[in-house]
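The values are calculated or read from the model by the stated rules, or taken from the named source; none is laboratory data. As the structure is a prediction and not an experimental result, all values here were calculated from the model. In this analysis, Cβ positions are derived from the backbone assuming ideal geometry, glycine residues included, and neighbour counts consider all displayed protein chains.
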Amino acid sequence: MKFDSKYFDKIRVKPAPEKVAKETFPVCDWPGCAKPGRHKAPLGRGQEGKFHHYCTEHVQQYNKSYNFFEGMKDTEVAGFQKDAQTGHRPTWKLGQNSYAKLTGTRRKATSTARDPFGLFTEQQQAARGGHPSGRALRGTELKALQTLGLDETATPVKVKSQYKTLVKRLHPDANNGSRANEDTLKAVIQAYDHLRSSGFC
């Protein structure tokens, strides 16, 4: 290592004294004080983001007498504290939403529960509202039901029964080997397969 190398020529442990920038502070906002105001203090409620600049002595005096809730009634203070728990954002009771609060009406809840073990009968599910499958039907499922000649109220049991009936009726063996209904049969099989894969039946 060469100490007279050109690379060590400019290295300094401390910068030159003339290059040290002096921090400048505004004058203390306290009446009659000419010290630098190094410390920020909030102006008060309704003036968020604005500050006084005080020296150390006067910021301590200001902090002792500062009251954010000055001029507010007790009920207003309690309301502010309650709203502060949610960050002053609107909230609703369980089962309500902003639509209900604005219009004064509630949307009817739709049942989305499934009953994979058959604990509820189809009549009980229909009485609770919604489809017996326990969920809202998709457009592709409605189309598959129409292909089978059924509507949206069809139960999984009815779908299986209708599928078996159509396959027996459209199969070439039941029509003396005629393949005239082959396209319809394929559509029925695809519709039933789609309903099974989607969890409808």
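Things worth noting here:
- For segment 36-86, a tally of residues being of a type outside the set (Asp, Glu) and either within 36 Å of the chain's Cα centre (by Cα) or not assigned by TED's automatic domain parsing to the domain that holds residue 25 (or both) returns 23.
- When residues of segment 26-73 are limited to those that are over 22 Å from residue 84 (Cα atoms) and hydroxyl-bearing (Ser, Thr, Tyr), the one surrounded by the fewest Cβ atoms within 10 Å (Cβ to Cβ): 65
- Test: residue 169 is over 24 Å from residue 136 (Cβ atoms) and basic (Lys, Arg): yes
- Answer residue from segment 146-201, given it is in contact (Cβ under 8 Å) with a residue 40 or more places away in the chain and touching a Ser or Thr at 6+ places or on another chain (Cβ under 6 Å) and is surrounded by the fewest Cβ atoms within 10 Å (Cβ to Cβ) among those: 187
- Selected residue (criterion: nearest to residue 196 (Cα to Cα)) from residues of segment 125-150 that are outside any helix (DSSP H, G or I) and at pLDDT 85 or above: 148
- Every condition in (1) modelled with pLDDT of 65 or more; (2) out of contact with any Ser or Thr (no Cβ under 8 Å at 6 or more places or on another chain); (3) loosely packed, with under 10 Cβ neighbours inside 10 Å holds for residue 90 except the one numbered (2).
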